[in-house]
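Read through the structure below, which is laid out as structure tokens, and then see the notes.
What follows draws every value from the coordinates through simple rules; no lab data is involved. Quick caveat: nothing in here was measured; it's all calculated off a predicted structure. So basically every Cβ, Gly included, is an ideal-geometry build from the backbone, and we count neighbours across all protein chains shown.
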Amino acid sequence: MKSALAETVTLPAANAAAPASDANYWATVQDLYEVDRSIANLENGYWGIMARPVMETYIEQTQRVNRQNSVYARSGFGKDFDDVRNRLAAAAGVLPEEIALTRGATEALQILISGYNKLQPGDTILYSDLDYDSMQYAMKALQGRRGVELKTFSIPEPATREAVLAAYESVLDETPKAKLLLLTHLSHRTGLVMPVREIADMARAKGVDVIVDAAHSWGQIPFGAGDLGADFVGFNLHKWIGAPVGMGFFYIRKGRLADIDVHMGDEDWPADDIRSRAHTGTLNFAAALSVPAALDLHEQIGSPAKHARLSYLRDYWVGKVRSIGTLEILTPDDASMHAGITSFRVKGKTGKDDNNAIVARLRDEFKVLTVRRAGVANGQCIRVSPALYTTETELDRLVAALTTVAAS
Ligand SMILES: Cc1ncc(COP(=O)(O)O)c(C=O)c1O
């Protein structure tokens, strides 16, 4: 299912020697986004602006669906929705029967966490300080629902690859009753990218299943849904894939479906069909129908090129502030441990009010939008998440702002 509008986008070939910093190429990509630049929006981790071809598809589909109402919803949509799932499975490198669409990563991961039925009373479940709040809540709820013990642990700072692997190794070693681990591929708090494959292999060797939260990683980092070594993964499509808000999906590796309960609200699909695990009710038809356009553009730019560009933008500002002694940069420069997002902390400013004040100052005095993130064991911090439309000039504004803020 190719979207006609996305096919009309033609991008020049990027400079092969330095594709991530090719100004001409990225200016063409930046032009695909209609952005309010009265503020440098470095808070794209919340959700992703649709590129123009996706937005046009979305508007067109909204008008079409609205015009045709139930005539379309009761006849044509079922087949079109199947096509969307097939298109998505091809993009994610898995079988269509291994995925089901949801309204976002929250719904996807809640289904996986609450539906995971291999837990026995007395088993232990694990998550770290860097995992997403509402997924932590869902894991906590398993204590009452499944009679399990919860163990939490912290990711060390500074977070090197070795230190992160050691943290997971030691919590797995210390917890012989561990059965389930929640693992966030790319942390929304600090931007840290976890060595998921190694951790999942380590967990598997100890009989621990892993549910991966890939809400932020797919679209920033090139990988297929089955490449992470985990059998259960939740995804977003409205962050870094650039689909309309309200789209996500989950992956359950073939052979593991029985380990996630059938959704309590579903009798429409047989138990051996993954769609029986999600029952969203009436959904945003136009948003679902726009997913292929978002995937077309994602693939046209290319996942490796998006990763390279987002990493370049992150390195651009981090490289200019790394030496400021009063700033703590919460992802290492190891390219495998970050993508486009990185958080910082002004040394000693670990509380809510301090960080809110810095965010307000960046916004009001320097016209740079960031966001405070809580929940990191070593203290609160401020997240910077540029997007494909972000310019170096906007990042220079951030650098100037941080230089001033860190000195005061
Ligand atoms: C790591 C992580 N997981 C899950 C989610 C939930 O995504 P959504 O609210 O789009 O469903 C988010 C959202 O920011 C996130 O950052």
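Details
- Computed extension length for residue 71-residue 153: 24.3 nm, one decimal, from 0.36 nm per residue of separation with the Cα-Cα distance subtracted.
- Contact order, relative form, for segment 72-295: 27 percent (alpha carbon pairs under 8 Å, 6 or more residues apart, mean separation divided by residue count).
- Counting every pair of alpha carbons in segment 91-180, the share spaced more than 17 Å apart comes to 58 percent.
- Length released on extending from residue 320 to residue 133, taking residue separation times 0.36 nm less the Cα-Cα span: 64.2 nm
- Placing a pseudo-label 7 Å from each Cα along the Cα-to-Cβ vector at residue 27 and residue 357 gives an inter-label distance of 4.2 nm.
- Highest mean packing first, where packing is the average number of other Cβ atoms within 10 Å per residue, the peptides 93-101, 316-324 line up as 93-101, 316-324.
- At q = 0.17, 0.18, 0.22 Å⁻¹, base-10 log of I(q)/I(0) for segment 171-273 (Debye sum, equal scatterers on each alpha carbon): -0.87, -0.95, -1.21
- Annotation: average projected area of segment 253-295 is 4.0 square nanometres, based on the convex hull of Cα atoms across all directions.
- Beta bridges per DSSP with both ends in the chain, % antiparallel, nearest 5: 50
- Extension reserve of the residue 258-residue 177 stretch, reckoned as 0.36 nm per residue once the Cα distance is removed: 27.0 nm
- When peptides 368-380, 216-228 are ranked by their average number of other Cβ atoms within 10 Å per residue, the highest-first order is 216-228, 368-380.
- Diffusion constant of the chain at 4 °C, which comes from Stokes-Einstein with the Kirkwood Cα-pair radius and 1.567 mPa s, µm²/s: 59
- Between residue 165 and residue 10, the modelled labels are 4.7 nm apart [label points 7 Å from Cα along Cα→Cβ].
- q = 0.14 Å⁻¹: log10 I(q)/I(0) that the Debye formula gives for segment 72-295, counting C-alpha atoms only: -0.83
- Flagged links, alpha-carbon separation over 23 Å, of 140/306; 140/349; 140/177; 239/349; 151/179; 179/254: 140/306; 140/349; 239/349
- HN-Hα J in Hz across segment 241-257 - Karplus 6.51, -1.76, 1.60, θ = phi - 60°, x for Gly and Pro: 8, x, 7, x, 4, x, 10, x, 6, 10, 10, 10, 4, 3, x, 10, 4
- Hydrodynamic analysis of segment 304-406 uses the Kirkwood radius over alpha carbon pairs. Inserted into Stokes-Einstein at 10 °C and 1.306 mPa s, it gives a translational diffusion coefficient of 116 µm²/s.
- Estimated FRET transfer efficiency when R0 is 25 angstrom, pair residue 273-residue 201 (beta carbons, to 0.05): 0.30
- Taking amide H as placed 1.01 Å from N in the peptide plane, the amide H of residue 384 sits under 5 Å from that of 342, 343, 344, each at least 5 places away or on another chain.
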